[in-house]
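Just so you know, all these numbers are worked out from the coordinates, no wet-lab data involved. As the structure is a computational prediction, the values presented were derived from the model and not from experiment. Glycine also receives a Cβ, built like all others from the backbone with ideal geometry; neighbour counts cover every protein chain displayed.
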Ligand code: MN
């Protein structure tokens, strides 16, 4: 217990400790370690006291004999509301319990989850803290669970953190998860980044000094630091650029934090007077913030020793917001924001996080028993994505337009290669049927099935296409001695001079 803790927080710790007494985590530690870690994370994010108390109590309703009434009596409506929200959130996802009291209109667990938390975004923030700690301690779980949790975090929770512009959280979650989802690739890229940084160290130091000197001459106050690219974001970027390292320009980035917006642009000028800017690489996210509210001024330059370096200029507020996102705005603006949430007015959100408003409105309408066309509810959150489910309830994300074979290949190429049919929401369907948000998709396979040429027309994603082509090559190449799934490492040139 911390002496800084208020009486209320101390009381919550007592109550949670007692409630979880005798329970242990897979790590072998007493269970209370987990809620206390969640408390610490929420404190680091600068969350308000109600959220911190709810964080301490977040697993009590589901896992202990404590009831919502108990919590309401002792800690008040607001805390009880948050704990209830977090509980609903996890049960909605487990599909274990019924939250249908006000969400009868959809079987889409993900949508239900979003609507359930649309009421108060702090519920989601607690959930993210909970997930972060679970990821940090993932090594204690059996491998199949590790993979499942990691995959879901990568596909659902890290993008959510991104939507809330919680950059630091997104990076940590994505890298922790990616390590379990694809351990080999993770190590490979991690080593690559480390090597690169090491090789760049000396020249970066010089660049920093040059920039510092020039900025001082212009009397601009600044802080300059290097930012390291996360493993997962490099992985994603490489996938976008056909694995061509030559097209990754932001492996090394220097971040310059200045006093105000004018200084951001002045600094840009200073940098362009020192180095050659690369064409088309100036991005003004100050004038035009990203959808999640991210603001910064980016430019990529070629330095005197021919190194490509990205610079990011921003103010302190922009920086704080880029790292902490919505949580940061609680820190800066706690009272006002919290009040607004309670009153259902959130037009004072610091950025265009308008999808939150949309969710809140929808949640309110549903609770009032009004009709809501959920299909029309375009959650900006994942505008171009759909979430579908395996019969076991695992969430699989696909681009909008995906077909059953895309789903099958996304599960595993062994499954994709042997598809004989598909059931969608329990009914036999066909391979041309476009999947829709919330569908439960069951792939039927037979070990005698082989991939068909005709499948080319029944595929939407490039991921599935690549896998199918690989399979077709093996099937139709009788001279191929190995049917190994490993790609050929090197191909000898056909013509030699
Ligand atoms: Mn938990």
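Observations
- Cubic angstrom per residue, convex hull over Cα atoms of the range 223-277: 104
- Cα gyration tensor shape of the range 1-46, rounded if a/c is under 1.5, else prolate or oblate by comparing a/b with b/c: oblate
- Nitroxide proxy distance, nm - points 7 Å out along Cα→Cβ at residue 456 and residue 470: 1.9
- The range 410-477-the range 168-188 distance, computed between alpha-carbon centres (Å): 28
- Rough spin-label spacing in nm, given labels placed 7 Å along Cα→Cβ, for residue 272 and residue 288: 1.6
- One compactness figure for the range 184-323 is 1.05, namely its Cα radius of gyration divided by 2.2 N^0.38 Å.
- A full extension of the chain between residue 205 and residue 423 corresponds to an added length of 72.6 nm, given 0.36 nm per residue minus the alpha carbon distance.
- In nm, spacing of pseudo-spin labels at residue 192 and residue 168 (7 Å Cα→C-beta vector): 2.8
- Shape of the range 114-216, Cα gyration tensor, a/c cut at 1.5: oblate
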